[in-house]
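Structure first, then comments.
The values are calculated or read from the model by the stated rules, or taken from the named source; none is laboratory data. This one's a predicted model, so the numbers in the text were calculated from it and none came from an experiment. Cβ: placed from backbone, ideal geometry, glycine included. Neighbour counts: every protein chain shown. The area values use the complete protein model at the heavy-atom level, side chains included, leaving out ligands, DNA and RNA. Shrake-Rupley method; radii C 1.70, N 1.55, O 1.52, S 1.80 Å.
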Amino acid sequence: MNKMRYLRIGVATAVLVVIFACTFAHVPIGTLCALCPVGFTEVMLAGGSIPWPLLPGVLIVLAVVFILGRVFCSWVCPTSWLRNVFGGKKPRGLTGRTGVCAGCKSACVAGDEDPRKSDDGSAASGDEELNAGVGSDADTLERASGAPNDARVRNNLLAQGMVLAVLLVVSFIVHFPVFCLFCPIGLVFGTMFAVSRMFVTWQPGWELIVFPAILILELFVLRRWCSAICPLGFFFGLMAKARSKIEFLPKVKADEKACIHSEGCNVCATVCPEDISVPTSARCDLEDCTLCLDCKEHCPTHAIGIKGK
């Protein structure tokens with residue numbers, strides 16, 4: 001399983017390969033940094049003028065996020081690519097998690113037999129249903145209580161806004177876009193180009209050590225980088241708040257008739273990188289959704305889909 005995870009890795013890899021190839025072919029498409037709202041704002045304040053050539057790309061990215069949600073975070077961003085491959089924020093690594101379900105004997109994955117049936121075909125009930133598949137997972141048991149989304153760590157728009165404000169003030173004072181020095185996206189490209197230069201010119205530089213070290217610190221030590229620090233997340237968060245009020249825009253939703261959350265199933269919450277329980281999600285919960293589609297793939301009753309109104 002984990003088809004969605006592998007597909008996301010493939011999409012992000014394709015983006016990196018195209019940018020890398022175009023750079024060496026002298027095709028001026030730029031990198032993802034040229035589409036960054038944070039970089040655009042920093043450059044504007046640092047230089048005292050509007051970088052008009054960057055504006056169309058920035059507006060396109062914000063428009064895509066407004067229409068589809070924070071898809072950039074899960075499908076394009078190199079930091080998510082690194083976490084999907086090597087780990088970091090759960091689900092970790094290439095194999096990831098398939099979720100647990102109170103009505104199952106083992107981990108649930110889409111396509112399995114009816115999770116409400118035991119091995120002999122009879123319906124699981126009573127203590128067997130409460131214990132099968134869940135085991136002693138305290139986190140899962142907590143989610144099975146009344147409001148599973150209350151326990152999740154939400155994206156902190158205020159904290160991201162404060163980080164952004166400090167970066168903009170500093171950029172204005174020093175006349176330099178300071179976030180670009182430690183932006184994870186920029187560091188990924190910086191590392192890639194540093195490695196390529198080493199093989200082309202055989203002159204390794206200090207960035208081969210510094211860039212990966214900063215990346216490891218930001219992505220695997222500062223676990224809340226994306227949810228509480230990343231200033232790019234502030235712009236995406238504003239777009240997500242706006243789109244959540246428009247009913248016809250696509251969002252993940254659960255079919256109440258097919259969903260077995262009331263029977264103890266929490267597969268969607270346990271596979272979701274944002275810990276969102278889809279059947280009980282409120283508007284504020286779906287603001288954090290990156291449309292990674294792990295919940296849709298692993299739902300044991302195929303109750304989750306992408307729907308508008």
| request: Can you pull the one-decimal nm distance between simple spin-label points at Val169 and Val85, each 7 Å off the Cα toward Cβ? | output: 3.8 nm
| Solvent-accessible surface (1.4 angstrom probe) belonging to Ser244, in square angstrom, nearest 10 | 10 Å²
| query | How many nm separate the modelled label positions at Cys284 and Thr201, each set 7 Å beyond the Cα in the direction of the Cβ? | reply | 5.1 nm
| How long are the three semi-axes of the equivalent ellipsoid for the stretch 188-251, computed from the Cα gyration tensor as the root of 5 times each eigenvalue, in whole Å, largest first? | 37, 15, 8
| said: Given a 1.4 Å probe and heavy atoms of the protein chains only, how would you sort His298, His175, His261, largest accessible area at the top? | reply: His175, His261, His298
| task | Just the number, please: Stokes-Einstein D of the stretch 163-278 in µm²/s, Kirkwood Rh from C-alpha pairs, 20 °C, 1.002 mPa s. | result | 119 µm²/s
| Chain lengthening between Ile246 and Asp150 when straightened (0.36 nm per residue, less Cα-Cα) | 32.2 nm
| Difference of contour (0.36 nm per residue) and Cα-Cα distance, Val27 to Asp255 | 77.4 nm
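With a cut-off of at most 13 other beta carbons within 10 Å, and DSSP calling the residue loop, which GluC sites (Glu not before Pro) in the stretch 250-291 qualify? Please list them.
Counting only loop positions with at most 13 other Cβ atoms within 10 Å, the GluC sites (Glu not before Pro) in the stretch 250-291 are Glu256.
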| request: Go ahead and run the numbers for FRET between Val64 and Leu222, Cβ-Cβ distance against an R0 of 25 Å, rounding to 0.05. | output: 0.40
